[in-house]
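Trainee: Please find one structure pasted underneath; my questions will follow.
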Amino acid sequence: MPGHFEPLPGGGAAVALDDVEISIIRSLAVQLLELIGPGPAEDAPDDPLAELFAEGPSEPPSDPVLRRLFPDAYGDPVDVPSSPGQAQEEKEYAAEFRRFTENDLRTGKRESALAVIRSLDSLTPAGDGGAVLKLTHEESQRWLGTINDLRLAIGSRLDVVDEEDTDLLYRLPDEDPRKPMVMAYLWLGGLQETLVSTLMP
């Protein structure tokens, strides 16, 4: 079980994590929360309907990591040339879609990251200093979403666009300042892969 998820009887998944791994995941999840930011109505707690009816932004985020986490819903991702009229139409559709969906997406990502932090905080240390994390099926889904978001965020900082970029990361020299971030990216990829396999029927 060390370093990878395994299925639990009746659904869910388990993984053995040492203190360093727990600290890394928790720190990254906290940074993800800070990046996503608070909800639109968190400064108006007396009005529970405020967030429900709050409209989100219509423009993509300026931060490239947030653009990766909240991409436009319309437009060709591989930049296939389109007519000026079609491009303007796609931009308008994307803005409208973003305005009514981004707040909900941010809330979902925030709740999943919080669930990851809480599950780590509730771990009981084992004798060797590590712990075994046991997740229900629903908790596993939240973990999967957050691990994916973390890899998207780190991948964006590392300029990872496709598989070729990932292959290059393996060949970085140890003295490269990006090496710790690369190791976290690759390690999270392994966790993600094994968690996906535990959730497959």
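Each reported figure results from applying straightforward, stated rules to the coordinates on display, with no laboratory input. Predicted, not measured: the structure shown is a model, and the values here were computed from it. Neighbour counts run over all protein chains shown; Cβ positions are idealised from the backbone, glycine included.
Trainee: Which three extents, in whole angstrom, do the alpha-carbon atoms of the stretch 94-167 cover along their principal axes, largest first?
Mentor: 51, 35, 19
Trainee: So how do 101-110, 143-152, 174-183 stack up, highest first, on mean other-Cβ count within 10 Å? Before the final figure, lay out the partial values.
Mentor: Values: 101-110: 16.4, 143-152: 21.1, 174-183: 11.4.
Put in order of decreasing packing, that is 143-152, 101-110, 174-183.
Trainee: Report the full-extension gain for the segment PHE100 to ASP174: residue separation times 0.36 nm, less the Cα-Cα distance, to one decimal in nm.
Mentor: On the way: separation 74, 0.36 × 74 = 26.64 nm, distance 4.47 nm.
Value of the extension gain: 22.2 nm.
Trainee: Using 1/(1 + (r/R0)^6) with R0 = 30 angstrom and r between the beta carbons of LEU8 and GLN31, what's the FRET efficiency to the nearest 0.05? Don't skip to the answer; put the middle values down first.
Mentor: Values: r = 29 Å, r/R0 = 0.96.
With a Förster radius of 30 Å, E is 0.55.
Trainee: In nm, to one decimal, how far is the modelled label at VAL132 from the one at MET181, with both set 7 Å along Cα→Cβ?
Mentor: For the pair VAL132/MET181, the computed spacing is 3.7 nm.
Trainee: Evaluate the distance, in nm, between pseudo-label points positioned 7 Å from the Cα of LEU114 and of THR166 along their respective Cα→Cβ axes.
Mentor: My value for the distance between the label points is 3.1 nm.
Trainee: Still on this structure, please answer the following. Just to be sure I understand the model, the point goes 7 Å from the Cα along the line to the Cβ. What's the resulting THR107 to VAL196 distance in nm?
Mentor: Reported label-point gap for THR107 and VAL196 is 2.9 nm.
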